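For reference, the structure is listed below as structure tokens.
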Ligand SMILES: N[C@@H](CCC(=O)N[C@@H](CS)C(=O)NCC(=O)O)C(=O)O
């Protein structure tokens with residue numbers, strides 16, 4: 001009896017430790033980040049659209065915007081940020097062992113990753129799917145014509161696994177040529193080292209945009225997988241999970257409510273829409289559970305913009321955008337027929 005009780009206690013203590021996160025540190029991620037004075041946010045090797053470097057060595061892009069939005073929510077300053085560029089191969093280990101606070105980098109939410117790597121995916125910020133690119137002069141028009149082809153692919157990705165499934169199901173005998181470094185993969189493809197390159201379709205748009213002659217390459221029509229991309233955090237800190245999740249939702253909700261970087265001051269001061277007022281902290285106390293100040297969502301929109309503004313700037317037709325059409329896609333707001341939907345701010 002006694003032993004059972006002790007065992008139960010020991011088991012619950014262990015469960016608590018696990019629930020408390022890595023090393024069962026008493027300090028929350030929010031406290032650690034605040035004490036450090038900046039957020040450590042992980043992206044990948046430079047890829048236009050998602051995460052790229054400008055002439056001054058500053059990171060920008062849609063996934064970088066999520067990093068900036070979380071920094072703005074915590075510090076009221078989007079620049080309180082250290083961007084870490086990590087390869088696809090080691091990204092999850094780097095997050096799980098505490099090197100970064102947040103991973104925001106074209107990572108697909110899968111069951112295994114969500115349940116076996118010590119991570120939690122927060123909220124989908126881009127709905128993607130895997131495709132193929134070939135040099136136009138090959139004359140290939142469909143992925144089903146890739147019989148016996150060599151295909152350049154990044155290792156440690158869902159891309160690599162889907163490619164194997166696709167080849168098997170369609171009896172294509174594709175030979176994967178695997179890379180850890182996306183630049184080496186791209187150079188090999190350009191030099192003719194493989195017949196095709198496969199990745200998420202948005203990533204292909206990104207890779208293509210950086211090629212010297214983008215029009216020499218064709219994105220094939222097939223989409224062979226679902227790739228819901230979402231920022232991820234270490235498992236075991238519910239408040240931190242909520243902060244990142246609701247940061248993404250604030251971006252989406254602001255777009256739905258018509259709150260933009262340009263009108264957010266006016267909206268906070270004058271809007272009579274209760275949803276807008278609650279989100280921007282003009283009334284209510286929605287910030288309390290997050291452990292953030294009342295103006296957390298205001299700071300996000302003021303400094304980074306809403307989801308649609310970020311999309312246009314980096315993924316869409318903006319000057320730095322990689323021209324992925326949004327209308328009619330899953331990345332459109334639910335009110336316009338897409339899947340972008342944030343739970344209510346109340
Ligand atoms: N969504 C897939 C693929 C992710 C992926 O390969 N992303 C590329 C985009 S080009 C990337 O991160 N490349 C940069 C790098 O590996 O450092 C996954 O989560 O496994």
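Bear in mind that the values in this text are calculations on the coordinates, not laboratory data. Quick caveat, the model's predicted, so the values are computed rather than measured. Quick reminder, even Gly has a Cβ in these numbers, built from the backbone with ideal geometry, and neighbours come from all protein chains shown.
Can you tell me the orientation of helix 158-169 relative to the chain, as the angle in degrees between its alpha-carbon axis and the longest Cα principal axis, to the nearest 10?
Its long axis makes an angle of about 50 degrees.
If you average the sequence gap of Cα pairs under 8 Å that are 6 or more apart and divide by the length of region 130-225, what percent do you get for the contact order?
48
Considering all projection directions equally, how large on average is the shadow of the alpha-carbon convex hull of the chain, in square nanometres?
Mean orientational projected area (the chain, Cα hull): 20.8 nm².
At 0.36 nm per residue, minus the direct Cα-Cα distance, what do residue 31 and residue 56 gain on full extension? Give it in nm, one decimal, please.
Result for the pair: 5.9 nm of gain on full extension.
Just to be sure I understand the model, the point goes 7 Å from the Cα along the line to the Cβ. What's the resulting residue 191 to residue 334 distance in nm?
Taking the simple label geometry, residue 191 and residue 334 are separated by 4.9 nm.
Expressed as an acute angle from 0 to 90° and rounded to the nearest 10, what is the orientation of the C-alpha long axis of helix 238-257 relative to the principal long axis of the chain?
Between the helix axis and the principal axis of the chain, the angle is about 70 degrees.
Just the Cα atoms of region 46-107, one point each, no solvent: what log10 I(q)/I(0) does Debye give at q = 0.13, 0.19, 0.20, 0.28 Å⁻¹?
At q = 0.13, 0.19, 0.20, 0.28 Å⁻¹ the computed log10 ratios are -0.34, -0.72, -0.79, -1.29.
Report Rg/Rh for region 130-225, rounded to two decimals, where Rg is the Cα radius of gyration and Rh the Kirkwood radius.
Rg/Rh for region 130-225 comes to 0.91.
If you scale each eigenvalue of the Cα gyration tensor by 5 and take the root, what three semi-axes come out for region 139-178, rounded to whole angstrom and sorted largest first?
17, 11, 8
Taking Rh as the Kirkwood radius computed over C-alpha pairs, what is the Stokes-Einstein D of region 17-151 at 20 °C in a medium of viscosity 1.002 mPa s, expressed in µm² per second?
Reported coefficient: 125 µm²/s.
Along the Cα→Cβ direction, 7 angstrom out, place labels at residue 275 and residue 142. What is the inter-label distance in nm?
Going by the 7 Å Cα→Cβ label model, 4.3 nm.
Using 0.36 nm times the number of residues separating residue 283 and residue 222, minus their current alpha carbon distance, what extension gain do you get?
Full-extension gain reported as 17.2 nm.
Which order do peptides 138-150, 256-268 fall in by mean Cβ count within 10 Å, highest first?
With the highest mean Cβ count within 10 Å placed first, the list reads 256-268, 138-150.
When only Cα pairs under 8 Å and 6 or more residues apart are kept, what is the percent relative contact order across the chain?
After rounding, I find 21 percent.
Once you have a ≥ b ≥ c as the square roots of the Cα gyration tensor eigenvalues for region 227-282, tell me rounded if a/c is under 1.5, and otherwise prolate or oblate according to whether a/b is larger than b/c.
Note, shape of region 227-282 comes out prolate.
Can you quote the Å³ per residue value for the convex hull of the Cα atoms in region 224-346, rounded to an integer?
That works out to 124 Å³ per residue.
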